[in-house]
Each structure stands twice: as C-alpha cells, then as structure tokens.
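Enquirer: Can you read through this structure? Questions will come right after.
Throughout, read-outs are computed from the coordinates displayed, never taken from laboratory work. None of these values were measured; they are calculated from a predicted model. We place every Cβ from the backbone using ideal geometry, glycine too, and count neighbours over all the protein chains shown.
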Amino acid sequence: MVLTMAGHFLRGARSAVLVLAMVALTGCDVHIPSEGETVSLPKEFPTDFPIPPSSKLVLASGPLPFLPEDMRGMTAQWSSTLTRAELESFYAKPHAAWKPYGAPITGPSAGPVSLGTIFVLRHDGDRLAASVSVGASNMIDNGILVQATIIPPRAVPSPP
C-alpha cells in the first residue's frame with residue numbers, strides 16, 4: 001500500500017516537473033508571427049531532431065541568454081495534420097541519435113484544455129535531452145500541436 005502510494009506520488013511529481021519546465025521555457029522570449037510572417041528554428045536547435053511529419057513550425061524560442069549555459073533551453077512548436085495517435089507513434093520510436101527515454105506521460109486535461117502526451121528523448125553521446133508534448137491544446141489552428149523543449153546537457157563536475 002505504501003509503495004503504491006509512493007509510486008503515484010513520484011509519477012505525479014515527475015509529471016509536474018516536466019509540465020513546469022515546459023511552461024517556464026515556453027513563456028520566455030516567444031515570438032508569435034503575424035499573418036504571412038515565417039518562423040524559423042534557433043540556429044542552435046539540433047539539426048537531427050525528429051521534426052513531426054506533415055507539420056508547420058508555428059513558434060520557436062531560445063536559447064535563453066540570461067541563464068547559465070547549461071540551463072539554456074529552446075522550445076519549438078509545430079502544428080501537424082496527422083492524428084494525435086500517429087504523432088505519438090512517431091515519437092515513441094527511435095530516430096537516428098534521438099531515443100525515447102522511459103514511458104510517455106499522459107498530461108492532465110481539463111475540459112478542452114490538454115497538455116497532451118509527454119515524451120522524453122535523449123540524444124546519443126552528448127547528454128542532450130528533449131521533452132516533447134504531443135496533442136496539447138492548439139489555439140493556433142485546427143492541427144495537432146507538438147511542442148519540443150531542448151534541454152542542454154548539465155555540466156558534470158570533475159572528480160577531485
């Protein structure tokens with residue numbers, strides 16, 4: 001009983017941390033394009049990151065210059081014409097150097113507002129990571145929203 005309760009608590013805490021990280025990074029330095037304006041990924045955005053199929057980039061931000069280098073994240077949002085299930089299947093599979101890490105988390109929803117399904121991806125060899133939300137509420141158009149937040153590798157202290 002105690003272990004079951006602890007497991008529920010840890011899963012809830014893990015979900016809350018991921019959601020808070022996404023919200024915090026998304027709210028910084030975001031530019032919403034006006035009609036006819038194009039959006040581009042930050043030049044530091046990993047070129048091998050799996051871009052959602054049949055999608056259009058709608059928002060991009062970062063890296064955040066006011067944070068220490070190992071905390072500078074980048075966020076991108078795409079709107080896709082694929083279904084949520086098709087996009088969840090896409091991110092559940094490995095893509096070149098990007099591999100899913102752990103089980104996806106189904107985010108909370110309240111009425112029409114949803115955080116979608118959250119995947120954590122790791123990049124081979126350099127400790128780069130990403131949280132990817134598929135199916136969050138899309139107030140931009142009628143597509144399925146995919147949001148990726150790239151999290152830079154943390155500095156590893158040298159042994160004394």
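Enquirer: Mind checking which lysines have their Cα closer than 18 Å to the Cα of residue 56? Skip sequence neighbours fewer than 8 apart in that chain.
Expert: Straight-distance partners of residue 56: 43.
Enquirer: Related question: Based on the alpha-carbon gyration tensor of segment 44-95 and its eigenvalue square roots a ≥ b ≥ c, which shape applies: rounded if a/c is under 1.5, prolate if not and a/b is larger than b/c, or oblate?
Expert: Here segment 44-95 falls in the prolate category.
Enquirer: Further, regarding this structure: Report the charge-dipole magnitude of segment 31-160 in Debye, nearest 20, computed about the Cα centre from +1 at each Lys and Arg Cβ and -1 at each Asp and Glu Cβ.
Expert: Using only the charged Cβ atoms, the result is roughly 300 debye.
Enquirer: Show me the ranking of peptides 55-64, 85-94 by mean Cβ neighbours inside 10 Å, starting with the highest.
Expert: 55-64, 85-94
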